[in-house]
1. Count, please, the residues in segment 104-120 that happen to be touching a helix residue (DSSP H, G or I) at 6+ places or on another chain (Cβ under 8 Å) and in a helix (DSSP H, G or I).
2. So which of 135, 87 is more than 30 Å from residue 425 (Cα to Cα) and buried (at least 16 other Cβ atoms within 10 Å of the Cβ)?
3. Take the residues in segment 173-198 that are buried (at least 16 other Cβ atoms within 10 Å of the Cβ) and part of a loop (DSSP other than H, G, I, E, B), then tell me which one is nearest to the chain's Cα centre (by Cα).
4. Residues of segment 369-405 being in a helix (DSSP H, G or I), modelled with pLDDT of 80 or more and touching a helix residue (DSSP H, G or I) at 6+ places or on another chain (Cβ under 6 Å), which ones?
5. Among the residues of segment 423-443, which ones are at pLDDT below 80 and in contact with a helix residue (DSSP H, G or I) (Cβ under 8 Å, 6 or more places away or on another chain)?
6. When you scan segment 57-76, do you find a residue that is touching a helix residue (DSSP H, G or I) at 6+ places or on another chain (Cβ under 7 Å), in a loop (DSSP other than H, G, I, E, B) and at pLDDT below 90, even just one?
7. Scan segment 409-432 and report the pairs whose first residue is on the phi > 0 side of the Ramachandran plot and whose second residue is in a helix (DSSP H, G or I) and at pLDDT below 85, with Cβ atoms within less than 8 Å and a gap of 6+ or a chain change.
């Protein structure tokens, strides 16, 4: 079915509106602003502001532990030993070191984020790349080709009279248009010129987290963790309620009336003041009035501790995080090998993320080259994203393994330096220094200074103290 641009705009906005409540809920869990679960409304009404919710933000820990291992370091064309300088220049010009991190983060929290490619008005050689939140953008896939067939980006601005004005950008395969809501109806924005690029593809890519065949938009990394996080927050809040009421020794008073519980001014005191009060004074006595006060021992909070610890172990099991990430420790500290072994699942999960996100970034760079050059580059279909190592080996272990592979002739020098974690700029500087050293050696050979070449650099001459003046000495 063929839709007009206005019909596409309304359709995409309607689909986006349906997903916004769930996206906002997932985002609130990462921010630690989720509502309290599993607590009776009557108890919440009684407590009111006396005890606030205790948030144990495991969702943020689960997401950050993987996102911290997703660092793009360059892009390489097939058959090229080094990363492409021009693609990396465009990447840096768009501040993608920061934007890519934010895109990975939102994708893991809410299932996806979006990357938009466009032209720059002041520089034709550097296309514009922006990463957008799923709270502001929505894209629809073609069920036949599984490619994006339309997308919309929405935002709001304050108008001249203080009213909020809604804006939208509609991205279709051959054009990008800009819209504004005027008197309840969407119209093309006269202040912005539409872009009829006629490329044949929507200039948008999706950073999807765990996409599936029937779910190309991905799913949130928090789905398995949210129920356990809710339970932990409830237990932690209950622990604070118990600390407020039950950890304090409980007292029972016999032979007292309401008129006996008053302050120095004769006003009645609250029930909490009676519980927490350190001293009670009254004119009544045991013998004549039957007044008596007994005290129970305070309650222990250890049962809450054990429950939270068990929930933490379940979160670690589902998310693949090592137990020490969740604060679990034993009497015998784990060895270095044991710690690395515990991170095996986490490292593998990170490498899976790198593979999925790498495909998206490669398609983004393919469209970047199309905008810059005006035609498709066939080499861009085989681009490779260079990632930083997702594991955390020690420097000594990494260096030892890399050097041995190079000495045995298995890995060339440049790859060895990449394996050691050096950036592309550092590697290029090292190669320049290697070339300069080779030129210096060649000049020595040509000048006949073979002895100096074989002997290597001469050691510095130690300075000697001047001999004393004989006249002054006498």
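The values are calculated or read from the model by the stated rules, or taken from the named source; none is laboratory data. Since this is a predicted model, take the numbers as computed values, not measurements. We place every Cβ from the backbone using ideal geometry, glycine too, and count neighbours over all the protein chains shown.
1. Residues flagged as touching a helix residue (DSSP H, G or I) at 6+ places or on another chain (Cβ under 8 Å) and in a helix (DSSP H, G or I) within segment 104-120 amount to 6.
2. Details: 87 fails: more than 30 Å from residue 425 (Cα to Cα).
Result of the check over 135, 87: 135.
3. Ranking the candidates gives 173 first.
4. Within segment 369-405, 369, 380 meet the criteria.
5. Hit for segment 423-443 is 424, nothing else.
6. no
7. From residues that are on the phi > 0 side of the Ramachandran plot, the pairs are 421/398.
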